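Novice: Below: one structure in structure tokens.
Rule-based calculations on the coordinates, nothing more; no lab input. Nothing here was measured: the structure is a model prediction, and the numbers come from that model. So basically every Cβ, Gly included, is an ideal-geometry build from the backbone, and we count neighbours across all protein chains shown.
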Amino acid sequence: MPTDESLIHVFGSLLGDEELAEISDCIDRQWIGMGPKTAQLESRLAQHLDVDELVLLNSGSSGLQMAVHLLDIPPGTGAEIIVPSFTWVACASAILLAGHRPVFCDVDKTTLNIDPESVAGAITPRTAAIMAVHYAGLPAEVPRLKEFGLPVIEDAAHAIDSRHEGRACGTLGDIGVFSFDSIKNLAMGEGGGLVARNPEHLRRARDLRLCGVTSTGFASAREGGRWWEHRITDAFPKMTPSDLCAAVGLAQFRRLRSSQQRRAKLWALYQQALAELDWLAVPPEPDAGDRHSYFTYCVQVRDGRRDALANHLLERGIYTTLRFHPLHLSPLYGSSVELPVSERLAETALNLPLHPRLTDDDLDRVIGAVCEFAG
Ligand SMILES: *Cc1c(COP(=O)(O)O)cnc(C)c1O
């Protein structure tokens, strides 16, 4: 395997002087915890998503855990939440942590998004909610999922710039969760966000993120009385973001348009170069009027040589991976369902490098190596 410096990474972010200046401002103010930068980023993101409010958190995984908690489904009653198997661990674990049962469904073989037919087949009298993922940022069919009459949680970790019929992904269902971890389209280091249709959910999310504590001393001191005494509404983990991370997020937000343009350009070049290859299936384009976030470029190798392709690329200094490994195959969740599309993806799918730091030369190298493998 080539040295780390020459390796082309599969995911990445673009950071520079703007991020440094924002961090430096935090240090100058002697304020690195949750504070003004957090509030500023919350309002920028809310505006970007056309909602009144977004609650910033320490991660997207925390956001999923909070989203399930906010639905107030009584724990230990055998309640089920339907979730695609082809997603990140935190989706299913959030359901388990809240005392419910994850029920895995399949994804569509082309979009890699939750398959409403598979959801229909998984619904039982115990189904309490549906969780959907906008894979790579391609809008999932949330309006169709809402027809089941159950609360819908959207995992919009890949979809900060995605729109369905003009509306931002994450705001189509009941609760939407974003991730701003170090490899996502808007990278804070660690961070997440939660939006909700119900204002009460947003109010509670603000208390919950601070260990379920309402009205902290500093904010309520102006109201007089014993401001140091607090009220605890829930026993809940700490999920507060920090201004240090929000500072990076603010600079990243200002470059979002240009980094999204770069991602879209790289995506288009891949499509042009690889769509012709008959042994490879390229990812679909969004429906007319919808917008993609181009978080990752996932191909499917049709001739059974996926592992060989991954090794061929690695030998040439190109790191690839597969996001995600089907969760229903993990013994942790004790699932016995068979989900043919997710299981097939585990054998055929591969994510190729796509991120704003990728140069034209890097892309030529990747495309050249893929085409060479074919020949
Ligand atoms: C990254 C990711 C998450 C989790 O976000 P973190 O901020 O890393 O905790 C959740 N769901 C999906 C689909 C993701 O890709």
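Novice: Starting from the Cα gyration tensor of the stretch 273-333, take the square roots of the eigenvalues, sort them a ≥ b ≥ c, and report rounded, prolate or oblate (rounded when a/c is under 1.5, otherwise prolate if a/b is larger than b/c, else oblate).
Specialist: On the way: a/c = 1.78, a/b = 1.09, b/c = 1.63.
Oblate, because a/c is 1.5 or more while a/b does not exceed b/c.
Novice: For the residue pair ASP278 and ALA264, what label-to-label distance in nm results when each label sits 7 Å from Cα along the Cα-to-beta-carbon direction?
Specialist: Calculated label separation equals 3.4 nm.
Novice: Can you give the calculated 222 nm mean residue ellipticity of the chain, where each DSSP H run of n ≥ 4 adds -39,500 (n - 2.57) and the sum is split over every residue, rounded to the nearest 500 deg cm²/dmol? Don't skip to the answer; put the middle values down first.
Specialist: Details: 13 runs with 137 residues, N = 375.
Value at 222 nm, helices only: -11000 deg cm²/dmol.
Novice: Further, regarding this structure: For the pair THR77 and ARG305, how long in nm is the line joining their label points, each one 7 Å along Cα→Cβ?
Specialist: Reported label-point gap for THR77 and ARG305 is 5.5 nm.
Novice: For a paramagnetic label modelled at 7 Å from the Cα of GLU200 toward its Cβ, which residues of the stretch 143-161 fall within the zone defined by backbone nitrogen distances under 18 Å?
Specialist: 150-153
Novice: In whole Hz and in residue order, list the ³J(HN,Hα) couplings for the stretch 19-27 that follow from phi through the Karplus curve 6.51 cos²θ - 1.76 cosθ + 1.60, θ = phi - 60°; x for Gly and Pro.
Specialist: 5, 4, 5, 5, 5, 4, 4, 4, 5
Novice: Right, here's the next one. Using Cα centres only, tell me the gap between the stretch 1-53 and the stretch 220-265 in whole Å.
Specialist: 11
Novice: Looking at the stretch 172-275, which chymotrypsin sites (Phe, Trp or Tyr not before Pro) are in a loop (DSSP not H, G, I, E or B) and have at most 14 other Cβ atoms within 10 Å?
Specialist: In loop regions of the stretch 172-275 (DSSP not H, G, I, E or B), the sparsely surrounded chymotrypsin sites (Phe, Trp or Tyr not before Pro) are TRP228.
Novice: Could you state the number of Å between the C-alpha centres of the stretch 121-160 and the stretch 301-341?
Specialist: Between the Cα centres of the stretch 301-341 and the stretch 121-160 lies a distance of 23 Å.
Novice: Net charge near ASN185, counting Lys/Arg +1 and Asp/Glu -1 over other residues with Cβ under 10 Å of its Cβ?
Specialist: +1
Novice: Using DSSP, restrict attention to beta bridges with both residues in the chain and report what percent are antiparallel, rounded to the nearest 5.
Specialist: Of the beta bridges lying entirely in the chain, close to 55 percent run antiparallel.
Novice: Output the pairs from LYS37/LYS146; LYS146/LYS184; LYS109/LYS238; LYS146/LYS265 with a Cα-Cα distance over 31 Å in this structure; if there are none, say none.
Specialist: Flagged as over cut-off: LYS37/LYS146; LYS109/LYS238; LYS146/LYS265.
Novice: Let me ask another. For the stretch 238-347, state which GluC sites (Glu not before Pro) are in a DSSP loop and have at most 12 other beta carbons lying within 10 Å of their beta carbon.
Specialist: Passing sites in the stretch 238-347 are GLU276, GLU338.
Novice: Please list, in order along the stretch 137-150, the HN-Hα scalar couplings obtained from phi with the Karplus expression 6.51 cos²θ - 1.76 cosθ + 1.60 (θ = phi - 60°), rounded to whole Hz, x for Gly and Pro.
Specialist: Karplus-based 3J(HN,Hα) across the stretch 137-150 equals x, 7, x, 7, 7, 4, x, 5, 5, 5, 5, 6, x, 10 Hz.
Novice: Another one. Report relative contact order for the chain in percent, whole number only (criteria: Cα-Cα under 8 Å, sequence separation at least 6).
Specialist: Over the chain, the number comes to 23 percent.
Novice: Be a star and scan the stretch 332-375 for residues whose amide nitrogen sits under 15 Å from the point 7 Å along the Cα-to-Cβ vector of GLU315.
Specialist: Zone members listed by number: 369-375.
Novice: Hey, got a sec? Which trypsin sites (Lys or Arg not before Pro) in the stretch 211-273 land in a DSSP loop and have at most 14 other Cβ atoms within 10 Å?
Specialist: Answer by residue number: ARG226.
Novice: Between THR127 and residues 5 or more places away or on another chain, which pairs have amide H atoms under 5 Å apart, with H built 1.01 Å from N, and which residues are they?
Specialist: Sorted by chain and number, the residues that satisfy this are GLU80.
Novice: If you build the convex hull over the alpha carbons only and average its shadow over all orientations, what do you get for the stretch 17-254? Give it in nm² to one decimal.
Specialist: That works out to 13.6 nm².
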